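The values are calculated or read from the model by the stated rules, or taken from the named source; none is laboratory data. Since the model is a prediction, treat every value here as computed from it, not as a measurement. We place every Cβ from the backbone using ideal geometry, glycine too, and count neighbours over all the protein chains shown.
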């Protein structure tokens, strides 16, 4: 398992299948941890329909954990 720490929620094509657990802290100092592959698997259709996914190969959100990703949250602090 690979661990990654960022300042925003991120889904990346390059991380698919890498068994990565991501921890991020948003602007309100809330920390979230989630399994990238589990979130991708559950939301693959949604992500692949987004323009940013095709144009940049990723989706990010610096404010919060998206509602569609919350059920795959490992921990919240």
Practice task
Give the number of residues within the range 10-39 that are within 14 Å of residue 63 (Cβ to Cβ) and at pLDDT 95 or above.
Solution key: 1
Exercise for the section: Determine if the range 45-59 includes at least one residue that is assigned to a strand (DSSP E or B), modelled with pLDDT of 95 or more and in contact with a strand residue (DSSP E or B) (Cβ under 6 Å, 6 or more places away or on another chain). Expected result: yes
Exercise for the section: Pairs only if they're at least six apart or on different chains, beta carbon under 8 angstrom, first in the range 32-60 and at positive phi and surrounded by 16 or more Cβ atoms within 10 Å (Cβ to Cβ), second modelled with pLDDT of 95 or more and assigned to a helix (DSSP H, G or I); list them, first residue then second. Expected result: none
